There are 2 protein chains.
Amino acid sequence: MAEITQVSPLAPKSFPDLPEIGGAEFSAVEAGVKYQGRKDVMLARLAPGSTIAGVFTRSATRSAPVLDCQDKILTDSDAGAAIIVNAGNSNAFTGRNGVKATKAVTHAVADCLSLPETRVFSSSTGVIGEPLPYDRITSKINELRSKLSAGSLVDAAEAIRTTDTFAKAAATEVLIDGTPVKIAGIAKGSGMIAPDMATMLVYVFTDAKVERDLLQSMLSELTDVTFNNITVDSDTSTSDTLLLAATGASGAVIHSGQGPFRDALHKVMLDLAHQVVRDGEGATKFVEICVTGAMNDADAKTHALSIANSPLVKTAVAGEDPNWGRVVMAIGKSGAKADRDLLSIRFGDVLVAENGWVSPNYREEDGAAHMKNQDLTINVDLGLRTGKATVWTCDLTHGYITINADYRS
Amino acid sequence: MAEITQVSPLAPKSFPDLPEIGGAEFSAVEAGVKYQGRKDVMLARLAPGSTIAGVFTRSATRSAPVLDCQDKILTDSDAGAAIIVNAGNSNAFTGRNGVKATKAVTHAVADCLSLPETRVFSSSTGVIGEPLPYDRITSKINELRSKLSAGSLVDAAEAIRTTDTFAKAAATEVLIDGTPVKIAGIAKGSGMIAPDMATMLVYVFTDAKVERDLLQSMLSELTDVTFNNITVDSDTSTSDTLLLAATGASGAVIHSGQGPFRDALHKVMLDLAHQVVRDGEGATKFVEICVTGAMNDADAKTHALSIANSPLVKTAVAGEDPNWGRVVMAIGKSGAKADRDLLSIRFGDVLVAENGWVSPNYREEDGAAHMKNQDLTINVDLGLRTGKATVWTCDLTHGYITINADYRS
């Protein structure tokens, strides 16, 4: 296994201050599931009355914990809830033993915290196809409970890392009818990132009071413009899980899927999604791809993801080459509607191509200058209708090859 | 631009003996379109009575020569025909000037060879978005004509190379009603290879007599099991063109889309398709992916291409890592039907996974031994119905990054 010691050059300058979320407590311990000498299991306890929404991978080979969460996520309950997550082993493609392991872990948590088992959600991330040594986790539940505290979300963010080079968290606060409401979330993920429905492991917590159906619809809609619009390598995990818990402890009640709470939640989710891209395996560039003028939003997203997933575009970005011909190629192959002679391409603000050819005023050095940025933008207008989409990706470098030709994931 | 000097380790041991095809003559010259000191333009002249079939990229941003070929391919004519191809500039995304350049070249050939312009097919391959200096080509047409000979197909194979590390050709002979029929073809391509409908540049010639509709239907069907089932990097070219010309010079008439002629044509096309993969940019491994037991053949192909295009599978192959978890992941994300608990995976003959988990008798060293081969096979049985597909790909290595982070294509 390749040693990954260097923090991504795209990592945020500092870890954010995380607020305490009333009704939510966290802890993390060293269980030695696979990694040694670091915390690798986290527990979250949510107060009675919390609502929980989730979105999950649509992979046909999804893991036992994902299937278990999907079974439970539509249940209503006034009991509290818990989320337990381990890193180092994904418990995916582990047959009946995988189901048994998931049940053993969730049962132990339910027992220890006096919760119904239907209110204990679990995730596992790491190597696929190896039996989960679940006794290493169940033997630590008492310790996890004893360490629960409102201030330990940072420990949870650390514990869920696998090939991540930095822990990922984001938070914000918003006033709802004069009451301050907090939102804080954590994420892990840096490879096998091309979310379909949800992505990676992400946990977001708020002290707002939000009825479950509303919480779920907001989460699903916002996932479509955040986590579902990022890609590192076009590969989709078997374990993608995103859970959103609302404890209601602030007393503020959310009645609408629009407005400041949704905006605040969007901000936290987008921040976490961008951090996942910024920790893309081997990444040296963060790329925003904006497509406008498509026949509809779905077509715009198809084009944007085709550009974002193209190995030839991603290697051109790595080489700081303003290779707009490869962008044209990626649009052409996407399957969505495009007219070669109507589309225009900009690198940042630099107009590169229009009317089916290179722009008459384009100078190669202007495009090259934009490509030297660490954060850069590729703007494509298709000139058809009003469909638009924005996706985020990173470049494809020797680092990605080095990590993945050796690391057993 | 990265210097590509080393021949792919997967190249065939030797260049094949190419038979002369009655009714077909070839030549190649140095025109300096982009490359210096090498032949970069080829001409083929086909005798009166030849039929021609073609398949082309479905890219929405396809090049001017592709659009021109598509306009002409359905025309019937007893006149002869010609194919002219340049390397170094793809004349793609070059606006109205691209159309003008294509017309200038095909007009000059028609004029020089006394052919109707509708019988002159052209292709261009190389950098996208730069004006084609077509006068460098038109000024060489007389020289190309004077050099035409039945034995010069090898020169044509050399002339159409861009990032190819070796010239690609294949040939066979088959008896039709006691008459020997010859088939010979050439191809170029090593990156931007994920054909959709057709692929790269490929030209196949036979001296059989085949009516145009039959020739076209055989070509389309065989493309679907040869060139449309290979992928190097999931990126689809704007210039993919495959032309098949039947001169009839042998006197043998083909009446059926089945039988020995089709089989012989299949063999030549598959050989060329494999050679394109074997020259995949940076490739060190040739991988055959066989999927059986799918709901239908289309589902099988979706799964097989999902595995073949997965960066995580391809880097695992590069690292000689029998990482079957990534194969499970690629099946899961493909969108085609799969049941996690019914599928089985073999590396070569080694049964790795079955019944939703690692096979009880699987030993890691057996899988690892198969991965050390230069040519290797990943077999997946989905356990559902009888759908099957085979695709071919190569690994993803540092060589691919090196070539594409620098080369302006």
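Yes or no: B:K372 over 28 Å from the mean Cα position of the chain (by Cα) and farther than 23 Å from A:T163 by Cα? For B:K372, the condition - over 28 Å from the mean Cα position of the chain (by Cα) and farther than 23 Å from A:T163 by Cα - is not met.
Could you say whether any residue in the range B:128-149 is over 20 Å from the mean Cα position of the chain (by Cα), within 14 Å of another protein chain (Cβ to nearest Cβ), assigned to a loop (DSSP other than H, G, I, E, B) and among the charged types (D, E, K, R)? Show your work before the answer.
In the first step, residues of the range B:128-149 are kept if they are over 20 Å from the mean Cα position of the chain (by Cα); the result is B:129-149.
So of that shortlist, the ones also within 14 Å of another protein chain (Cβ to nearest Cβ) come out as B:129-132.
If we keep only those that are assigned to a loop (DSSP other than H, G, I, E, B) as well, we get B:129-132.
Imposing the further condition that a residue be among the charged types (D, E, K, R) reduces the set to B:130.
Taking every residue of the range B:128-149 in turn, at least one turns out to be over 20 Å from the mean Cα position of the chain (by Cα), within 14 Å of another protein chain (Cβ to nearest Cβ), assigned to a loop (DSSP other than H, G, I, E, B) and among the charged types (D, E, K, R).
Of the residues making up the range A:342-397, those that are assigned to a strand (DSSP E or B) and either within 14 Å of chain B (Cβ to nearest Cβ) or free of Cβ contacts under 8 Å to residues at least 60 places away in the same chain (or both) number 14. Only one of these is more than 29 Å from A:D395 (Cα to Cα) and in contact with a Ser or Thr (Cβ under 6 Å, 6 or more places away or on another chain): B:D339, B:D381, B:D349. Name it. The conditions single out B:D381.
How many of the residues making up the range B:257-276 are touching a residue at least 12 places away in the same chain (Cβ under 8 Å) and not in a helix (DSSP H, G or I)?
First, the residues of the range B:257-276 that are touching a residue at least 12 places away in the same chain (Cβ under 8 Å): B:257, B:260-276.
Imposing the further condition that a residue be not in a helix (DSSP H, G or I) reduces the set to B:257.
Final tally of qualifying residues: 1.
Of the residues that sit in the range B:202-217 and are among the hydrophobic types (A, V, I, L, M, F, W, C) and surrounded by 23 or more Cβ atoms within 10 Å (Cβ to Cβ), which one is farthest from B:A53 (Cα to Cα)? My answer is B:A208. Pairing each residue of the range B:50-62 that is without any contact (Cβ under 8 Å) to a residue 24 or more places away in the chain with any residue that is of a type in the set (D, E), provided the two are 6+ apart or on different chains, yields C-beta distances under 8 Å for B:A60/A:D339. Considering A:T315, A:T390, the condition of being closer than 30 Å to A:E221 by Cα, of a type in the set (S, T, Y) and at pLDDT 90 or above is satisfied by A:T390 alone.
Among the residues of the range B:73-94, those identified as over 21 Å from the mean Cα position of the chain (by Cα) and either of a type in the set (V, I, T) or more than 14 Å from chain A (Cβ to nearest Cβ) (or both) are B:L74, B:T75, B:D76, B:S77, B:D78, B:A79, B:G80, B:A81, B:T94.
The residue pairs whose first member lies in the range A:68-90 and is farther than 20 Å from A:H107 by Cβ, whose second member is part of a helix (DSSP H, G or I) and of a type outside the set (A, V, I, L, M, F, W, C), and whose beta carbons are closer than 7 Å, counting only pairs six or more residues apart or on different chains, are A:D76/A:R212. Condition first: surrounded by fewer than 24 Cβ atoms within 10 Å (Cβ to Cβ) and either away from chain A (no Cβ under 11 Å) or not basic (K, R) (or both). Now tell me which residues in the range B:326-337 satisfy that. Selection gives B:G335, B:A336. So is A:A300 more than 7 Å from chain B (Cβ to nearest Cβ), under 24 Å from the mean Cα position of the chain (by Cα) and of a type in the set (A, V, I, L, M) or not? For A:A300, the condition - more than 7 Å from chain B (Cβ to nearest Cβ), under 24 Å from the mean Cα position of the chain (by Cα) and of a type in the set (A, V, I, L, M) - is met.
Quick one: would you say A:K314 is within 11 Å of another protein chain (Cβ to nearest Cβ), surrounded by fewer than 24 Cβ atoms within 10 Å (Cβ to Cβ) and of a type in the set (K, R)? For A:K314, the condition - within 11 Å of another protein chain (Cβ to nearest Cβ), surrounded by fewer than 24 Cβ atoms within 10 Å (Cβ to Cβ) and of a type in the set (K, R) - is not met.
A:S63 fulfils the conditions (1) farther than 30 Å from A:P180 by Cα; (2) surrounded by fewer than 19 Cβ atoms within 10 Å (Cβ to Cβ); (3) of a type in the set (S, T, Y) except for a single criterion, (2). Sort out which residues of the range B:89-115 are charged (D, E, K, R) and closer than 25 Å to B:G189 by Cα, and write them in order of number. Once the filter is applied, which keeps residues that are charged (D, E, K, R) and closer than 25 Å to B:G189 by Cα, the range B:89-115 yields only B:K103.
Okay, residues lined up against (1) surrounded by fewer than 24 Cβ atoms within 10 Å (Cβ to Cβ); (2) part of a helix (DSSP H, G or I); (3) assigned by TED's automatic domain parsing to the domain that holds A:L215:
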position	(1), (2), (3)
A:A31	no, no, yes
A:Q36	yes, no, yes
A:S59	no, no, yes
A:D76	yes, no, yes
A:I83	no, no, yes
A:A87	no, no, yes
A:A101	no, yes, yes
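In this structure, is B:A31 among the small types (G, A, S), over 21 Å from the mean Cα position of the chain (by Cα) and at pLDDT below 90? No; evaluated as a whole, the condition is false for this residue. Here the range B:175-186 is the region considered, the condition is being surrounded by fewer than 21 Cβ atoms within 10 Å (Cβ to Cβ) and not charged (D, E, K, R), and the residue that is farthest from the chain's Cα centre (by Cα) is B:G178.
The values are calculated or read from the model by the stated rules, or taken from the named source; none is laboratory data. Small disclaimer: the values here were computed from a predicted structure and weren't measured. All Cβ positions, glycine included, derive from the backbone under ideal geometry; neighbour counts span all protein chains shown.
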